[in-house]
Amino acid sequence: MTLAVRHTWFMVGRQLRNLMREPIWIALLLVQPMVWLLLYGQLFKRVTQLPGGGFGTTSYITFLAPAIVIMNSFFGATWSGMAMISDLDRDVLPRFLATPVSRISLVVSQIVRSALIAVIQGVIILLVSLTLGVSVHTGLLGWIVILAAAALMNSAFAGLSQGIALLVRKEATMIAIANFIGLPLFFLSSTLISIRQVPHWMQIAAKFNPVNWGVIAAREVVLRGTHWGSVGLHLALLFGLSVATAAFATWTFRAYQRTI
Amino acid sequence: MDAIVVDELRKRYGAVQALQGVGFRVRAGEVFGLLGPNGAGKSTTVKVLATLTKPDSGHAEVAGCDVVGEPNAVRRAIGYVPQSSGVDRDATGRENLTLQGRIQGVGGRALEARVDELLELLGLAEAADRVVRGYSGGMKRRLDVGLGLVHRPQVLFLDEPTTGLDPEARASMWDELERLAEGEALTILLTTHYMEEADQLADRLAIVSRGRVVVAGTPEELKRSLRGEAVEVELADGRAADAESIVAALEEVHEASSEGRKLRSRVASGARAIPSILSALEAKGIGVEAVTTHRPSLDDVYLHYTGREFAAEDEAGGRDDGSGGDGR
Ligand SMILES: Nc1ncnc2c1ncn2[C@@H]1O[C@H](COP(=O)(O)OP(=O)(O)OP(=O)(O)O)[C@@H](O)[C@H]1O
Ligand SMILES: [Mg+2]
């Protein structure tokens, strides 16, 4: 076990070092969430006054900010398998496989790297939100919950993405699948709008949508009247899903090894 | 003691029987060459020995450990340089070597010193802190070799270490490998398409064809096993196939093969065979540009043992990256 942790640490280090060599990436990856937060937040700021309500705040940007952290984390996760495909394409994995490296660390490090980046980006998005007047009413604990929700949301889908990458092993297929999964789950969540404003069937669907679990947990701690039971439940659901998808990714890794 | 024992290995990929009973032994400290055409099963053999893939049946031991039963013990004892480079191109040479050392359980000062030593040894000291993306093919390949050596393995597997290198880079790689073989007390298993490479580097070699070892021995033994001389005829026009069947039918000729406008044949004595070859060709109106004779080279050994199959497999599109599905 300790060996697996050490090796995961080495592998995450490798990926972060490579990323840091081109820090422009972190910035580029933030363009999209910023566009949502700044443009969308301004454009639709009156949406909170809709009859029926359910926003829990009159400030749309306050409603939006925690969900954008989750959205960013979610999309980052769906793409995380690309790094695995690039390692496969460049034959980096077979080289590692001829060493006693912990097999699980090769998969888990990809998930950890992805979640770490989501957390770093989450902090940046939250800091920008602060300057826009958003306040996390539960304070430091609230920040921790938002970032934990972002990390768990990311792990859950990064595990799935790694698994798919190991099964399809082709960039183009991976891109198609990431889009196929990403957009529907995003729109079937309460990221942009209060769940009370959407049709009944979408409200039902959202209950089973992990993206929405993350949004609920993150938003609860920002708005007044935080329901801690709901926060705990949704974080626990995300944790369970993360474990399941990590197991799936590990299983697909074994399948990949059999094709060498 | 034998550093590598391979016995009756079989391995099937879908419809392709990649290995059909490969067997050989490599003594500790020896440089052993695996020579064979595309798709012969060289890389598959190495992948089994490096514990990347499991054989369907058969038995193999590396450094005294069973590759299926004790894979981690084998992994600690070996260095593996794959046919296609496995370096992380976004990292520097030093970072690549350091990470490889860490996962092999080397660390701290010892690792730093070893990495410096290897960078020096492989002529990469100046490029050490540059990202690998900017390395030349030869530099990248030397780094690959370095990655296999970080933890001072007992056995090093080199899968086509010089394919794709220009002649100069190849020659310098040969020098490196010769020095390594002496300096590091290594057993080396090397696969190659190049006769010269096997001739120069290998103490012993095995010729592999269609998943089997067809012959094994020292380069000298193999050359001696082909008695007589090789006669090479350069034809004036392209009727190589006709010429081949005419010459092959002659009593003085052991065997003949052709490639382009070149007709190669093996004979007991050049002085006696050449007149009959020339007159037989002339009788059928096939013009001749030049005739040479020489002692059998490793090339002739290779052609003798894999000749027909080599040509047939090339046509069947066997020349791929080895990951393709069918082969033939
Ligand atoms: N991972 C794989 N999946 C499916 N088929 C494979 C795989 N690896 C090898 N093969 C097939 O097994 C056969 C032997 O391949 P191998 O790579 O061992 O040949 P080789 O002697 O190394 O050839 P080359 O000189 O081209 O590298 C080939 O027909 C190849 O297509
Ligand atoms: Mg090969």
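The values are calculated or read from the model by the stated rules, or taken from the named source; none is laboratory data. Keep in mind that what you see is a predicted model, and the values were worked out from it rather than measured. So basically every Cβ, Gly included, is an ideal-geometry build from the backbone, and we count neighbours across all protein chains shown. SASA here: full protein model, heavy atoms, side chains in, ligands and nucleic acids out. Shrake-Rupley method; radii C 1.70, N 1.55, O 1.52, S 1.80 Å.
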- Residues of region A:220-259 being open to solvent by less than 20 Å² (accessible area, probe 1.4 Å) and not hydroxyl-bearing (Ser, Thr, Tyr), which ones? A:221, A:222, A:231, A:238, A:249, A:253
- Among residues belonging to region B:132-163 that are open to solvent by less than 40 Å² (accessible area, probe 1.4 Å) and among the hydroxyl-bearing types (Ser, Thr, Tyr), point out the one that is farthest from ligand 1 (Cβ to nearest atom). B:135
- Restricting region B:226-251 to residues that are farther than 18 Å from residue B:285 by Cα and among the aliphatic types (A, V, I, L, M), the residue that is surrounded by the most Cβ atoms within 10 Å (Cβ to Cβ): B:231
- Go through region A:221-260 residue by residue and tally those that are in contact (Cβ under 8 Å) with a residue 60 or more places away in the chain and within 23 Å of residue A:142 (Cα to Cα). 13
- Say whether the condition of being within 15 Å of the chain's Cα centre (by Cα), within 16 Å of ligand 2 (Cβ to nearest atom), surrounded by fewer than 19 Cβ atoms within 10 Å (Cβ to Cβ) and away from chain A (no Cβ under 14 Å) is met by at least one residue in region B:175-193. yes
- Those helices (runs of 4 or more DSSP H) lying entirely in region B:47-151 with at least 2 residues over 21 Å from residue A:103 (Cα atoms): B:93-103, B:108-121, B:137-149
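For region A:40-126, give me every one of the helices (runs of 4 or more DSSP H) that falls completely inside it and has 2 or more residues that are within 14 Å of chain B (Cβ to nearest Cβ) and open to solvent by 30 Å² or more (accessible area, probe 1.4 Å).
On the way: elements: A:60-79, A:81-89, A:92-97.
Passing ranges, in order: A:81-89.
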- Item | Options A:114, A:102: the member that is on the phi < 0 side of the Ramachandran plot and within 24 Å of the chain's Cα centre (by Cα) | A:114
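Taking residue B:81, is it buried (at least 20 other Cβ atoms within 10 Å of the Cβ), facing chain A (nearest Cβ under 9 Å) and within 16 Å of ligand 1 (Cβ to nearest atom)? First the steps, then the outcome.
On the way: buried (at least 20 other Cβ atoms within 10 Å of the Cβ): yes; facing chain A (nearest Cβ under 9 Å): yes; within 16 Å of ligand 1 (Cβ to nearest atom): yes.
Yes.
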- Does at least one position in region B:93-109 carry a residue that is modelled with pLDDT of 95 or more, surrounded by fewer than 17 Cβ atoms within 10 Å (Cβ to Cβ) and away from chain A (no Cβ under 12 Å)? yes
- Item | Hey, residue B:272 away from ligand 2 (no atom under 16 Å from the Cβ), within 18 Å of residue B:231 (Cβ to Cβ), surrounded by 12 or more Cβ atoms within 10 Å (Cβ to Cβ) and at pLDDT below 90 or not | no
- Please determine, by comparing only the residues of region B:11-39 that are small (Gly, Ala, Ser), more than 21 Å from residue B:68 (Cα to Cα) and buried (at least 23 other Cβ atoms within 10 Å of the Cβ), which one is farthest from ligand 1 (Cβ to nearest atom). B:33
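Which one is farthest from residue B:211 (Cα to Cα) among residues in region B:44-75 that are of a type outside the set (Val, Ile, Thr) and buried (at least 22 other Cβ atoms within 10 Å of the Cβ)? Lay out the reasoning, then the answer.
We begin by selecting, within region B:44-75, every residue of a type outside the set (Val, Ile, Thr); these are B:47, B:49-50, B:52, B:54-61, B:63-66, B:69-73, B:75.
From what is left, the residues that are buried (at least 22 other Cβ atoms within 10 Å of the Cβ) are B:47, B:49-50, B:52, B:55, B:60, B:75.
Numbers: B:47: 13, B:49: 15, B:50: 17, B:52: 18, B:55: 12, B:60: 15, B:75: 24 Å.
Result: B:75.
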- Query: Quick one: which of B:29, B:33, B:14 is away from ligand 2 (no atom under 16 Å from the Cβ), assigned by TED's automatic domain parsing to the domain that holds residue B:162, closer than 23 Å to residue B:179 by Cα and touching a residue at least 24 places away in the same chain (Cβ under 8 Å)?
  - Reply: B:29
- Query: Could you say which residue among B:268, B:216, B:280, B:273 is among the hydrophobic types (A, V, I, L, M, F, W, C) and under 29 Å from residue B:22 (Cα atoms)?
  - Reply: B:216
- Count - residues of region B:10-33 that are aliphatic (A, V, I, L, M) and more than 18 Å from the chain's Cα centre (by Cα): 3
- Message: If the requirement is being at pLDDT below 95, surrounded by fewer than 21 Cβ atoms within 10 Å (Cβ to Cβ) and out of contact with any Phe, Trp or Tyr (no Cβ under 9 Å at 6 or more places or on another chain), which of these qualifies: B:116, B:129, B:166?
- Response: B:166
- Checking residue A:122 against (1) under 23 Å from residue A:31 (Cβ atoms); (2) over 11 Å from the mean Cα position of the chain (by Cα), the condition it does not meet: (2)
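Mind checking which residues of region B:112-134 are within 12 Å of chain A (Cβ to nearest Cβ) and under 28 Å from residue B:46 (Cβ atoms)? Show your work before the answer.
To start, the set of residues in region B:112-134 that are within 12 Å of chain A (Cβ to nearest Cβ) comprises B:129-133.
Scanning region B:112-134 gives B:132, B:133.
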